[in-house]
Every structure is written in structure tokens, then in C-alpha cells.
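Student: Got a structure here, written out as C-alpha cells. Questions coming.
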Amino acid sequence: MATTTKYIFVTGGVTSSLGKGIIAASLAKLLQAQGYRTTIQKLDPYINIDPGTLNPYEHGECYVTDDGAETDLDLGHYERFLNVPTSQANNVTTGRIYQSVIEKERRGEFLGKTVQVIPHITDEIKHRIQILGNSGDYDIVITEIGGTVGDIESLPYIEAVRQLKWDLGEHNALVIHLTLIPYLSAAGELKTKPTQHSVKTLMESGVQANILVCRTEHELPEELRDKLARFCNVTKESVIQSIDASTIYDVPNLMLEQGLDTIVLKKLDLESNTPNLDQWNAFLKRHKNPNSEVTIGLIGKYVELQDSYKSILESFIHAGAENEVKVNVESVHSEYLNGDNAKAMLSHLDGVLVAPGFGERGIEGKIDAVRYVRENNIPFLGICLGMQMAVIEFSRNVLGLEDANSTEMNANTKHPVIDLMEAQKTITDKGGTMRLGAWDCKLTPDSIVGKLYNTEIIKERHRHRYEFNSDYKTQIEAKGMLATGLNPETNLVEIVEIPSHPWFVGVQYHPEYKSTVAKPHPLFIAFVAAALKHKKNN
Ligand code: GLN
């Protein structure tokens with residue numbers, strides 16, 4: 001098979017949660033910094049068509065791409081590290097693979113053949129892996145296989161990798177196996193046996209790992225590297241240690257020190273140079289040497305889990321570095337917040353972000369939080385549901401529309417200031433049917449957003465069904481909450497601001513999906529700056 005694109009597969013062994021996404025993103029960063037056009041793809045072995053219908057408690061945040069794909073949160077890491085947009089092609093699930101095979105079967109495209117896991121499902125997986133490579137846009141495609149080697153549901157993926165590795169030939173594809181070297185504190189020893197077993201499991205499927213990346217809490221001694229090399233059929237230089245880091249943004253440098261990029265390029269028969277990480281390292285320096293700090297409250301209902309608001313937390317890291325301040329994010333559970341305790345819970349904060357979300361649970365707490373920060377001049381950023389809560393709060397407490405609400409929470413409210421979008425009214429399916437992906441928004445020039453984006457038309461990513469009800473726009477604006485961003489075609493209100501407040505912005509879209517190390521999001525930068533100013537003035 002003639003090919004110009006090189007393929008790297010990343011598999012996982014021993015346990016889940018070893019950070020395959022971060023390793024894949026870090027390697028991609030190093031390859032990109034050597035001038036190779038690199039992208040990363042994630043294959044997820046579950047049956048949901050996409051993670052859009054998954055509870056954030058179960059699967060963490062759902063990350064949305066420009067083209068409106070609801071994807072795994074690892075794609076967020078890929079974009080944050082590489083500053084290159086991903087798309088639907090970068091995340092494929094078993095559900096989607098089966099869906100396309102079954103649709104083909106219904107169209108009669110298999111010409112009477114019995115449709116089977118092998119070859120039909122594996123062929124579809126191979127096809128999905130090569131879509132990015134065949135686009136001509138990339139020199140290297142890194143494919144992360146979700147799950148752990150040995151899982152029943154991963155088997156067709158491993159088989160597809162085996163076939164592709166064979167089809168593509170030596171120097172065109174390789175497998176990196178990410179594994180765990182546990183430390184037994186009672187024995188004071190690092191143990192290699194689980195890794196030996198997971199490499200063996202991979203070999204039982206006919207796949208030889210070419211490189212081992214070993215997650216470890218302690219330095220791997222020489223003799224242990226020797227042992228791993230000997231028992232796992234890899235060269236010693238291909239045993240890479242990935243020691244716990246204080247920030248995920250250190251991982252590219254840690255991989256560079258271990259020579260991961262060099263060994264990968266050597267095996268792929270590609271030229272290797274010194275990666276240019278100047279911009280990356282400048283960011284790290286700012287991130288690690290803040291001049292001051294601010295504390296921002298994150299009001300949501302999934303606050304126990306870091307992964308549920310992953311992109312928001314990362315956006316604060318980027319914006320903090322840009323402002324040279326450390327941003328402490330204090331999680332506040334909206335279900336436990338009310339008008340009586342709002343002062344105790346929020347008055348010490350330098351800024352408050354009300355998070356995106358769905359459903360009724362915890363929304364009254366969000367509304368009380370908005371009221372407190374609006375009345376007490378604390379900088380506020382509302383994202384998606386957070387923006388909708390700001391509109392409801394303003395309608396109730398400033399316009400006096402007592403039962404103002406979203407029809408998502410109360411279908412019979414007298415004042416549906418947030419209402420189901422027209423285009424949503426006939427939709428019954430839940431999966432992939434929201435208003436998704438990048439949409440244009442026209443900004444009011446002298447507003448907060450008009451000044452900070454420095455352009456008239458922006459494109460931001462959306463994921464919602466409900467929207468500001470324009471029937472209330474005149475009333476709301478007359479009392480001082482302005483619509484400063486509108487969709488140029490439909491006039492949907494995408495941004496609200498209160499000019500009489502020091503910094504109060506609500507956005508219907510998700511700025512957090514577009515913040516990267518190379519390009520921290522202007523809205524987060526300005527919000528952190530406003531929090532810093534608030535802190536100084538108080
Ligand atoms: N539940 C709201 C809607 O569908 C907000 C969605 C969100 O915050 N992503 O419009």
C-alpha cells in the first residue's frame with residue numbers, strides 16, 4: 001500500500017486513566033514542533049454513537065468541535081496542545097462504526113454477503129483511521145485506542161491495528177503501549193509484571209508494541225528498563241518513563257528529555273531535529289511564575305469531578321498565564337447555594353463563573369449566585385446555561401417578572417425569557433440534535449466583547465436547545481442588560497452584558513472549547529484581568 005502519511009497507534013495496558021490522551025497530545029506537540037503536520041484521533045470502544053448522551057459524572061465533559069461533533073474530552077487536550085482544530089473524523093466510537101456498517105447493509109452494499117466483525121467491522125475501523133491520513137493534511141496521524149488491552153470490546157480495534165500495521169509496512173506505522181509500573185511501598189519496589197502481561201496480551205492479538213511508555217511515581221532504574229526491554233521485545237531506548245508531573249503541560253518536555261520524539265521518528269524513518277518549543281516554554285514560565293493570584297468561584301452541579309468542567313479549568317490556566325496570575329478555582333455546588341448563604345459562600349471571591357448544564361437540579365442556586373454577584377459588583381462570566389440563568393435572574397429581580405424562567409425548567413412559566421429554539425420544536429431524538437458547533441456572532445463595537453475580540457464577527461462553538469427569547473429583548477435592554485452579540489442571520493441573542501456593572505458577561509456559546517496554550521481565549525483573559533482588578537480594588 002503506497003502511503004505518505006505515517007501512523008502511530010497508542011494503546012493502554014494494566015489500568016485505565018493512565019493519561020493516553022496527554023501522552024498522545026505531548027508526542028504530537030513534539031512532532032509538530034519539529035515541523036511535522038500532526039493530528040490525533042481517538043477511537044472509543046463503547047456503543048453510544050458519541051459521548052453527547054453520556055452523563056458528565058460518568059464520562060467527563062463532552063467536547064464540541066467546530067463542525068459540531070460531540071466528542072471525547074481528550075480532543076480538548078489535542079486542540080489545547082496543538083492549536084489545530086479537530087473534527088468529527090477525530091473521534092469515532094464503536095456505535096458509529098456499527099451504525100455505518102448496518103446502514104451499508106440496509107442499502108444492500110454488501111451484495112448478499114454475511115456481515116461480520118471480521119472483515120466488515122475491522123474494515124470500517126481501518127477506513128476511519130485512514131480518513132485523516134488520506135486527507136493529505138497530515139504527515140503523521142496518532143490514533144489513540146480507548147480502553148485497556150484485553151477488554152473484550154477493544155478486540156476489533158486491536159485487530160484493525162494489527163492488519164493496518166501489516167498493510168502499511170515497516171517504517172509507516174508503529175505502536176506505543178502506555179502502561180503502568182506500580183510501586184509497592186511495603187516492598188519498596190517498582191513492579192514490571194503487569195506490564196509484561198499486558199504486552200503479552202497485545203502479542204496474543206498479533207501486535208508487538210514498538211515503544212513502551214511507562215507511567216510511574218518513581219524514576220525507573222536502569223536494570224528495570226533492561227528487564228522491560230528484554231521481556232517485552234523492545235529496545236532499551238524504546239522504554240520511556242512517564243513520571244507524574246505537576247502539570248500536564250510539563251509532559252511534552254518530559255517526553256523530550258526521554259527522547260520519545262527521536263525514537264518515534266527513527267522508527268518511522270523520518271528526519272529528526274530539535275523541536276522548537278519556545279512559545280510553549282514561554283507559556284510554562286508564565287504559568288509557573290505568577291505575580292499574584294485570584295480566586296474564582298465555579299458554580300455548577302458536577303463540581304466534585306474535575307473532568308466535568310475540564311475545558312473551563314484549562315482555559316483558566318491559559319488565561320492565568322497570560323495575566324501572570326495564579327487562578328485558584330473554588331468549586332461551589334449550586335444545589336447547596338441559596339439567597340441566605342450566598343454572601344458567606346461568594347463574598348470572598350474575585351470572580352464567579354456560572355457553568356453550563358442541563359435540567360432543573362441546582363438552577364435556583366445558580367440564579368441566587370448571579371443575583372449576589374450582580375448586586376455586589378463581583379466580575380461574572382456565565383456560560384451557556386450560566387448565561388441563561390443571568391437573563392432569568394435579571395428578569396425576575398430587575399424587571400420584576402417573578403416567575404421568569406426557561407421553558408427547560410418550567411414549561412408553563414408566564415415569562416419564558418429563555419425558550420426552546422424554533423428549530424428544536426419538532427425534534428424528538430436526543431443524540432446529536434442540539435444547536436451544535438461554530439456559529440457566527442456579530443458584536444456591538446463598543447461593548448466589553450466588542451473591545452476584547454477586536455473584530456466584528458466571531459465564530460464560537462455552541463451546544464444548546466434553549467435560547468434568549470427575543471420577545472423580551474426590548475424590556476430587558478431598557479433596564480440595563482444589553483444584547484451585545486447577535487447571530488447575523490437569525491438575530492438570536494448570543495451575548496448579554498450589564499454596562500453599569502464592572503464586568504458582567506453571559507455567553508450562549510462555549511468559549512472554553514477554543515482556548516489553547518498558543519491562543520488563550522480573550523474572554524477568559526479579560527475575565528481573569530477583571531477578577532484581578534476587583535481584588536486590587538477591594
Ligand atoms: N440546557 C441549556 C440548553 O440546552 C444549556 C445547555 C448548556 O449549558 N450547554 O439550552
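Student: Residue 345: open to solvent by 10 Å² or more (accessible area, probe 1.4 Å) and touching a strand residue (DSSP E or B) at 6+ places or on another chain (Cβ under 7 Å), yes or no?
Tutor: The answer is yes for residue 345.
Student: A follow-up question, please. Which pairs turn up if I take residues in the range 441-464 that are touching a residue at least 12 places away in the same chain (Cβ under 8 Å) and look for partners that are open to solvent by 10 Å² or more (accessible area, probe 1.4 Å) and basic (Lys, Arg) with beta carbon separation below 6 Å, at least 6 apart in sequence or on another chain?
Tutor: Final answer for the pair search is 457/442; 462/435; 464/435.
Student: Then there's this: How many residues does the range 511-523 contain that are in a helix (DSSP H, G or I) and either within 16 Å of the ligand (Cβ to nearest atom) or closer than 19 Å to residue 463 by Cα (or both)?
Tutor: Counting residues in the range 511-523 that are in a helix (DSSP H, G or I) and either within 16 Å of the ligand (Cβ to nearest atom) or closer than 19 Å to residue 463 by Cα (or both) gives 5.
Student: Can I ask one more? Return the pairs, sorted by first residue and then second, in which the second residue is polar (S, T, N, Q) and within 12 Å of the ligand (Cβ to nearest atom), the first residue lies in the range 377-390 and is touching a residue at least 12 places away in the same chain (Cβ under 8 Å), the beta carbons are less than 7 Å apart, and the residues are 6+ apart or on different chains.
Tutor: 384/508; 387/508; 388/406
Student: Only one residue in 60, 76, 52 is in contact with a Pro (Cβ under 9 Å, 6 or more places away or on another chain) and more than 20 Å from residue 7 (Cβ to Cβ), so which one is that?
Tutor: 60
Student: For residues that are part of a loop (DSSP other than H, G, I, E, B), within 16 Å of the ligand (Cβ to nearest atom) and farther than 25 Å from residue 430 by Cβ, tally how many sit in the range 320-365.
Tutor: Total meeting the criteria: 0.
Student: So if I check each of 256, 260, 224, which one is surrounded by 15 or more Cβ atoms within 10 Å (Cβ to Cβ), touching a Pro at 6+ places or on another chain (Cβ under 7 Å) and at pLDDT 95 or above?
Tutor: Exactly one residue qualifies, and that residue is 256.
Student: Every residue in the range 449-465 that is farther than 12 Å from residue 522 by Cα and part of a loop (DSSP other than H, G, I, E, B), please.
Tutor: Scanning the range 449-465 gives 456, 465.
Student: Is it true that some residue in the range 169-192 is over 30 Å from residue 520 (Cβ atoms), open to solvent by 30 Å² or more (accessible area, probe 1.4 Å) and part of a helix (DSSP H, G or I)?
Tutor: Within the range 169-192, none of the residues are over 30 Å from residue 520 (Cβ atoms), open to solvent by 30 Å² or more (accessible area, probe 1.4 Å) and part of a helix (DSSP H, G or I).
Student: Considering only residues that are away from the ligand (no atom under 11 Å from the Cβ) and open to solvent by 30 Å² or more (accessible area, probe 1.4 Å), which ones fall in the range 377-414?
Tutor: Within the range 377-414, 377, 396, 397, 398, 399, 400, 402, 403, 410, 411, 412, 414 qualify.
Student: Moving on to the next point. Within the range 468-489, which residues are of a type outside the set (Gly, Ala, Ser), without any contact (Cβ under 8 Å) to a residue 60 or more places away in the chain, within 16 Å of the ligand (Cβ to nearest atom) and not in a loop (DSSP other than H, G, I, E, B)?
Tutor: Of everything in the range 468-489, nothing turns out to be of a type outside the set (Gly, Ala, Ser), without any contact (Cβ under 8 Å) to a residue 60 or more places away in the chain, within 16 Å of the ligand (Cβ to nearest atom) and not in a loop (DSSP other than H, G, I, E, B).
Student: Test residue 493 against the criterion of being free of Cβ contacts under 8 Å to residues at least 40 places away in the same chain, of a type outside the set (D, E, K, R) and in contact with a helix residue (DSSP H, G or I) (Cβ under 7 Å, 6 or more places away or on another chain), and give yes or no.
Tutor: yes
Student: Residue by residue through the range 245-289, note down the ones that are farther than 26 Å from residue 219 by Cα and either in a helix (DSSP H, G or I) or under 25 Å from the mean Cα position of the chain (by Cα) (or both).
Tutor: Within the range 245-289, 276, 278, 279, 282, 283, 286 meet the criteria.
Student: For the subset of the range 193-226 comprising residues that are in contact (Cβ under 8 Å) with a residue 60 or more places away in the chain, touching a Cys at 6+ places or on another chain (Cβ under 9 Å) and not in a loop (DSSP other than H, G, I, E, B), which member is farthest from residue 173 (Cα to Cα)?
Tutor: That would be 195.
Student: Sticking with this one: Is it the case that the range 297-309 has a residue that's open to solvent by less than 10 Å² (accessible area, probe 1.4 Å), in a strand (DSSP E or B), more than 23 Å from residue 58 (Cβ to Cβ) and in contact with a strand residue (DSSP E or B) (Cβ under 8 Å, 6 or more places away or on another chain)?
Tutor: Within the range 297-309 (the criterion being open to solvent by less than 10 Å² (accessible area, probe 1.4 Å), in a strand (DSSP E or B), more than 23 Å from residue 58 (Cβ to Cβ) and in contact with a strand residue (DSSP E or B) (Cβ under 8 Å, 6 or more places away or on another chain)), the answer is yes, since at least one residue qualifies.
Student: Right, residue 431: within 16 Å of the ligand (Cβ to nearest atom) and touching a helix residue (DSSP H, G or I) at 6+ places or on another chain (Cβ under 7 Å) or not?
Tutor: Here the answer is yes, as residue 431 does meet what is asked.
Student: Which residues, taken from the range 424-444, are more than 21 Å from the chain's Cα centre (by Cα) and modelled with pLDDT of 95 or more?
Tutor: Matches in the range 424-444: 440, 441, 442, 443, 444.
Student: To continue, here is another question. Read through the list (1) within 24 Å of residue 327 (Cα to Cα); (2) open to solvent by 40 Å² or more (accessible area, probe 1.4 Å); (3) within 16 Å of the ligand (Cβ to nearest atom); (4) not basic (Lys, Arg), then give the number of the only condition that residue 508 fails.
Tutor: Residue 508 satisfies all of (1) within 24 Å of residue 327 (Cα to Cα); (2) open to solvent by 40 Å² or more (accessible area, probe 1.4 Å); (3) within 16 Å of the ligand (Cβ to nearest atom); (4) not basic (Lys, Arg) except (2).
Student: For residue 457, state whether it is of a type in the set (A, V, I, L, M, F, W, C), open to solvent by 10 Å² or more (accessible area, probe 1.4 Å), farther than 17 Å from residue 88 by Cβ and within 14 Å of the ligand (Cβ to nearest atom).
Tutor: The answer is no for residue 457.
Student: Please find, among 419, 440, 446, 368, the residue that is of a type outside the set (Lys, Arg) and assigned to a loop (DSSP other than H, G, I, E, B).
Tutor: Exactly one residue qualifies, and that residue is 446.
The values are calculated or read from the model by the stated rules, or taken from the named source; none is laboratory data. What you see is a predicted model, and the numbers here were worked out from it, not measured in a lab. Positions of Cβ are generated from backbone atoms using ideal geometry, with glycine treated the same way; all protein chains shown enter the neighbour counts. Note: accessible area is taken over every heavy atom of the protein model, side chains too, but ligands, DNA and RNA are not part of it. Shrake-Rupley method; radii C 1.70, N 1.55, O 1.52, S 1.80 Å.
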